[in-house]
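Asks: Take a look at this one; I'll ask things after.
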Amino acid sequence: MLMKLNFSNPSRSFDTTKNRVEFWAYDNVIEISFFVETAALKKLCPEMIDVEAGILKAFDASRKQIQEVAEKVHARGRGGVWAHILAVQHF
């Protein structure tokens, strides 16, 4: 049985150079980085404003769904993968 990821760190940040939001989870004691592309956030929140505050607001509004997708993506990529990009096709 696989352990569920622990999303105990509510922090997230916007990476302006790569146009994505980064957040973290823990798989046991290993920190996993996730990156949500802004196009995926736009799919989740079509009314999103394409500025940092609007992008982070869209992330916060969709956090539960994003974490569910992160669980699935990480479960498929276990075995040494400690960073995942969540793109439009994941949602």
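Asks: Has the range 65-86 got any residue that is in a loop (DSSP other than H, G, I, E, B), exposed (fewer than 13 other Cβ atoms within 10 Å of the Cβ) and of a type in the set (Lys, Arg)?
Replies: Looking only at the range 65-86, we keep the residues that are in a loop (DSSP other than H, G, I, E, B), and these are 77-82.
If we keep only those that are exposed (fewer than 13 other Cβ atoms within 10 Å of the Cβ) as well, we get 78-82.
So of that shortlist, the ones also of a type in the set (Lys, Arg) come out as 78.
Yes, there is a match, as at least one residue in the range 65-86 is in a loop (DSSP other than H, G, I, E, B), exposed (fewer than 13 other Cβ atoms within 10 Å of the Cβ) and of a type in the set (Lys, Arg).
Asks: Which of (1) closer than 12 Å to Ile85 by Cα; (2) under 12 Å from the mean Cα position of the chain (by Cα) is the odd one out, the single condition Pro10 does not satisfy?
Replies: The single condition Pro10 does not satisfy is (1).
Asks: If I filter the range 36-73 down to residues being in contact with a strand residue (DSSP E or B) (Cβ under 7 Å, 6 or more places away or on another chain) and in contact (Cβ under 8 Å) with a residue 40 or more places away in the chain, which single residue comes out as nearest to Leu5 (Cα to Cα)?
Replies: Going through the qualifying residues, I end up with Ala70.
Asks: Hey, another quick one. Please determine whether any residue of the range 20-35 is in a helix (DSSP H, G or I), out of contact with any Gly (no Cβ under 9 Å at 6 or more places or on another chain), of a type outside the set (Lys, Arg) and touching a residue at least 12 places away in the same chain (Cβ under 8 Å).
Replies: no
Every number in this text was worked out from the coordinates using simple rules, so none of it is lab data. Not measured: the values here are computed from a predicted model. Neighbour counts run over all protein chains shown; Cβ positions are idealised from the backbone, glycine included.
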